[in-house]
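Novice: Take a look at the following structure, please.
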Amino acid sequence: MPVVRSSEAVVHEIHGARFVAYATPLSGSKELCAWRGEIPAGAKGPLHTVNREEIFHLLTGELLITLDGRTERITAGDTVIINPGATLGIENPTQETATAWVTTSIGLQAELADGSVLTPPWAN
């Protein structure tokens, strides 16, 4: 039975945020990936377009989520459904780190505004 202990999670850092990967093909997942995102106070990630659906559930804090040009403030307990092809931006305008649980299918890629493509290891 694949059990990923918190001490075994793999930490990645990019654009000022931390991605703590639990479920990936390397940890035994066959279809889905799941990670905890830690978005520090004042952080503003770049807009990016995703090729897979993501389910973004905010565990703590509050964030501004921009999805296809529309911005919403979300708070702990809120869930955002990000469809394939959507353009996403995440900003933490507060003084505290926000944490989220995110799931997607294996193979997630994100295209940045400059045309570069990110294949995040926490989702592949």
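Novice: How many residues does the range 71-105 contain that are aliphatic (A, V, I, L, M), assigned to a loop (DSSP other than H, G, I, E, B) and open to solvent by less than 50 Å² (accessible area, probe 1.4 Å)? If you could, list the steps in order and put the result at the bottom.
Specialist: First, pick out the residues of the range 71-105 that are aliphatic (A, V, I, L, M): 74, 76, 80-82, 86, 88, 90, 98, 100, 102.
Among the residues that remain, those that are also assigned to a loop (DSSP other than H, G, I, E, B) are: 76, 86.
This time we only want the ones that are open to solvent by less than 50 Å² (accessible area, probe 1.4 Å), so: 86.
Residues in the range 71-105 being aliphatic (A, V, I, L, M), assigned to a loop (DSSP other than H, G, I, E, B) and open to solvent by less than 50 Å² (accessible area, probe 1.4 Å): 1 in total.
One line per residue, one yes/no per condition, for (1) charged (D, E, K, R); (2) closer than 22 Å to residue 114 by Cβ:
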| residue | (1), (2) |
| --- | --- |
| 10 | no, no |
| 18 | yes, no |
| 21 | no, no |
| 35 | no, no |
| 50 | no, yes |
| 59 | no, no |
| 75 | no, no |
| 93 | no, no |
| 96 | yes, no |
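Novice: Now, a different point. Pairs, please: C-beta under 8 Å, at least 6 apart or cross-chain, first residue in contact (Cβ under 8 Å) with a residue 24 or more places away in the chain and of a type in the set (Phe, Trp, Tyr) and in the range 98-124, second assigned to a loop (DSSP other than H, G, I, E, B) and buried (at least 20 other Cβ atoms within 10 Å of the Cβ)?
Specialist: Here the result reads 122/24, each pair linking the range 98-124 to a residue that is assigned to a loop (DSSP other than H, G, I, E, B) and buried (at least 20 other Cβ atoms within 10 Å of the Cβ).
Novice: Just one of (1) aliphatic (A, V, I, L, M); (2) under 14 Å from residue 124 (Cβ atoms); (3) in contact (Cβ under 8 Å) with a residue 40 or more places away in the chain trips up residue 26, so point out which.
Specialist: (3)
Novice: Another question about this same structure. In the range 35-70, which residue that is within 22 Å of residue 84 (Cβ to Cβ) and acidic (Asp, Glu) is least open to solvent (accessible area, probe 1.4 Å)?
Specialist: 54
Novice: Please specify each residue of the range 31-51 satisfying the condition of being touching a residue at least 60 places away in the same chain (Cβ under 8 Å), assigned to a strand (DSSP E or B), charged (D, E, K, R) and out of contact with any Lys or Arg (no Cβ under 7 Å at 6 or more places or on another chain).
Specialist: 36
Novice: Confirm whether residue 53 is under 13 Å from residue 123 (Cα atoms), modelled with pLDDT of 95 or more and out of contact with any Cys (no Cβ under 8 Å at 6 or more places or on another chain).
Specialist: Spelling it out, residue 53 is indeed under 13 Å from residue 123 (Cα atoms), modelled with pLDDT of 95 or more and out of contact with any Cys (no Cβ under 8 Å at 6 or more places or on another chain).
Novice: Next question. Among 11, 3, which is among the aliphatic types (A, V, I, L, M) and in a loop (DSSP other than H, G, I, E, B)?
Specialist: The conditions single out 3.
Novice: Identify, please: which residue in the range 52-78 is in contact (Cβ under 8 Å) with a residue 24 or more places away in the chain and of a type in the set (Ser, Thr, Tyr) and is, among those, farthest from residue 105 (Cα to Cα)?
Specialist: This residue is 60.
Novice: Condition first: modelled with pLDDT under 95 and part of a strand (DSSP E or B). Now tell me which residues in the range 14-30 satisfy that.
Specialist: 14
The values are calculated or read from the model by the stated rules, or taken from the named source; none is laboratory data. As the structure is a prediction and not an experimental result, all values here were calculated from the model. Counting neighbours? That spans all protein chains shown, and the Cβs are built from the backbone with ideal geometry, glycine included. Note: accessible area is taken over every heavy atom of the protein model, side chains too, but ligands, DNA and RNA are not part of it. Shrake-Rupley method; radii C 1.70, N 1.55, O 1.52, S 1.80 Å.
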